[in-house]
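Scroll down for the structure; my scribbles are underneath it.
The values are calculated or read from the model by the stated rules, or taken from the named source; none is laboratory data. None of the values given here were measured: they were computed from a predicted structure. Neighbour counts run over all protein chains shown; Cβ positions are idealised from the backbone, glycine included. Surface areas here come from the heavy atoms of the whole protein model, side chains and all, with no ligands, DNA or RNA. Shrake-Rupley method; radii C 1.70, N 1.55, O 1.52, S 1.80 Å.
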Amino acid sequence: MKTRNSISCGGPARWRAHAPALTLTLAAALFLAVAGPVLAADFPIRCNADGYRSIEQRMPTADAKQHGPDVGSDEWKSTIEFRLGIRGKPGIPARGTDAWCAHVAGLLATAPAAKAGKPAKGPAFSCAKVEPGSIESLICNDAALSALDRKMDATYAAARKKAANERPSTLQAEQRGWVKGRNDCWKADDKPACVSGEYKMRIAELQARYRLVPHTGPVRYVCNGDPRNEVVAMYFKTDPPSLIAERGDSVSFMTVQAAASGASYRGRNETLWEHQGEATIVWGPGAPEMRCKVAP
């Protein structure tokens, strides 16, 4: 017969087997409750299964259907960092180390419970049936990627209106192909960065192609001193900045790249580097550079 004050945890042997881990977790929680902000080196929580579960309980990453990254995985740690606003910031201990778990636990101790546990607004698509560990699951559990998906949804809707009279209509097929390419980010080392880049590039392309944002131009470049050798560019205020260039019957979408001076743009097989009214343009794979000037 059990007394009123007894605790059943699977028997005395099982209780003794788990006592060190449970004591550590309880000690960590008590320390956080009374001590406030702490230094990672001084905090006793460890990056093991119990430590990860403790963090997950304080800041759940799974949705209502229990879809989310595997607790303790690198994707899960990335999601925790994002929700705390520390992803990519300097001075964060290496993921998976005891110092990382202690640092996260210390931040969670000072975060309002409602804010820490509040799920981010989701993407435009339903997260109810996404596969755990999929790119869709990653988007559902990442506020920044969810926001990009909502922006994509609005941009695509605006583009479809502009494309209503296109013949042949290829926008829908192109978008399906883009989704497949986005989902291939599961192969990337940094999946969130890959997905973010895919969204930004596609949004910029649709905004430029269908004139959904302010733009300047056309700017006409005469290349290699021959007026018949002309490249016409329209510049768009997208994120990242972009241009659409035409040469003869071919068209290229390019986005801005880092450059020491001037403005450098790169597309699939074309580049355009503009500086003080002149441009160096490469058009096509393996093509030679063309020296171009803005036409009067």
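Summary table below
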{"quantity": "Residue list for segment 218-255, restricted to those being part of a strand (DSSP E or B), of a type in the set (Gly, Ala, Ser) and closer than 18 Å to residue 289 by Cβ", "calculated": "233, 245, 250, 252"}
{"quantity": "Filter pass, residue 219 being on the phi < 0 side of the Ramachandran plot, surrounded by fewer than 20 Cβ atoms within 10 Å (Cβ to Cβ), without any contact (Cβ under 8 Å) to a residue 12 or more places away in the chain and of a type in the set (Val, Ile, Thr)", "calculated": "no"}
{"quantity": "In segment 106-124, the residues that are assigned to a loop (DSSP other than H, G, I, E, B), of a type in the set (A, V, I, L, M, F, W, C) and at pLDDT below 90", "calculated": "111, 120"}
{"quantity": "Scan of segment 62-74 for residues that are modelled with pLDDT of 85 or more and either among the charged types (D, E, K, R) or under 15 Å from residue 146 (Cα atoms) (or both), ordered by number", "calculated": "74"}
{"quantity": "Subset tally (residues that are touching a Gly at 6+ places or on another chain (Cβ under 9 Å), assigned to a loop (DSSP other than H, G, I, E, B) and polar (S, T, N, Q)) for segment 70-105", "calculated": "1"}
{"quantity": "Scan of segment 229-287 for residues that are touching a residue at least 40 places away in the same chain (Cβ under 8 Å) and either over 17 Å from residue 213 (Cβ atoms) or of a type in the set (S, T, N, Q) (or both), ordered by number", "calculated": "229, 230, 231, 255, 272, 279, 281, 283"}
{"quantity": "Candidate set: segment 125-140, residues that are part of a loop (DSSP other than H, G, I, E, B) and touching a Lys or Arg at 6+ places or on another chain (Cβ under 9 Å); chosen: the one most open to solvent (accessible area, probe 1.4 Å)", "calculated": "129"}
{"quantity": "Count - residues of segment 256-296 that are part of a loop (DSSP other than H, G, I, E, B) and charged (D, E, K, R)", "calculated": "2"}
{"quantity": "Residue that is nearest to residue 209 (Cα to Cα), among those in segment 180-195 that are in a helix (DSSP H, G or I) and open to solvent by 50 Å² or more (accessible area, probe 1.4 Å)", "calculated": "180"}
{"quantity": "Any hit, segment 223-231, residues being open to solvent by 40 Å² or more (accessible area, probe 1.4 Å) and farther than 25 Å from residue 287 by Cα", "calculated": "no"}
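Residue by residue, here is whether (1) of a type outside the set (Lys, Arg); (2) out of contact with any strand residue (DSSP E or B) (no Cβ under 8 Å at 6 or more places or on another chain); (3) within 17 Å of residue 82 (Cβ to Cβ) holds:
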site	(1), (2), (3)
185	yes, yes, yes
194	yes, yes, yes
201	yes, no, no
209	no, no, no
